[in-house]
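The values are calculated or read from the model by the stated rules, or taken from the named source; none is laboratory data. Small disclaimer: the values here were computed from a predicted structure and weren't measured. FYI the Cβ positions are ideal-geometry reconstructions off the backbone, even for glycines, and counts take in every protein chain you see. The area values use the complete protein model at the heavy-atom level, side chains included, leaving out ligands, DNA and RNA. Shrake-Rupley method; radii C 1.70, N 1.55, O 1.52, S 1.80 Å.
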Amino acid sequence: MTAATSHTTHPVTATSVRDDAALSTEARQAGRRNGPDTAVLLIDVQESFRHRPYWDASALPDFLTHTRALLDGAAAQGLPVVRILHSDGPETADNPFARVSGHVRPMEEIAQVPVAAEFLKHRHSALVGTGLSIWLTQHGIRPLIVAGIRTEQCCETTTRHASDEGWEVDYVTDATLTFPMRHASGVTLSIQELKLRTELVLQDRFAQICSVAQALARAQAKTWADA
């Protein structure tokens, strides 16, 4: 999996990672660059999910509408978009999250979106074993906007991890997608219930819960403040 950017980059794989948990605030400050310092993390928006038994397309149109609005707004402000894809499980063709399946690729509806970099992860957090945190630090990125699939899983886990590592996170629930889940008690939580639960546990502890418009406005305000 290579890093896709408008300039020459090198492939980014799990083998390129190092333990950067000890990177100091001073190192992040030194890595800042001119221009926007907010990045959009587009997490796991990939074809694999269509091939899972729990796939539910009912919320897909709204998700795509909000995600496109976020990506269009990011492009208008010059914010880098970082695409993260997920691969795990056996490397067999019948596993949609295996690279040999051909499904570990961007969801076709937004496959053509320009990205500043692309990373392949194997854990729930996009910051584990990918080199993403190194890339963010080297590019002076401080605030993050999180969007993608699934709301309560990789998007939430990445948000918690990023917050604990010192990044500021705006979590755009409308630009996340998930599917109904059945609890061991037999109770099924709906998509909206899962989103509400995620907002509850993240707000003011790990992130600010934002609409697309709010996240873009906050990014623009931070750019102006740093100018």
Counted residues in the stretch 69-101 being open to solvent by 40 Å² or more (accessible area, probe 1.4 Å) and either assigned to a loop (DSSP other than H, G, I, E, B) or more than 25 Å from H139 (Cα to Cα) (or both) come to 10
Of the conditions (1) surrounded by fewer than 18 Cβ atoms within 10 Å (Cβ to Cβ); (2) in contact with a Phe, Trp or Tyr (Cβ under 7 Å, 6 or more places away or on another chain), A117 clears all except one; give me its number.
(1)
Residue pairs within 7 Å by beta carbon, gap of at least six or interchain, first lying in the stretch 200-227 and surrounded by 19 or more Cβ atoms within 10 Å (Cβ to Cβ), second modelled with pLDDT under 95, listed first then second, are A219/P36
Does D164 fit the bill of being open to solvent by 60 Å² or more (accessible area, probe 1.4 Å), on the phi > 0 side of the Ramachandran plot and out of contact with any His (no Cβ under 8 Å at 6 or more places or on another chain)?
no
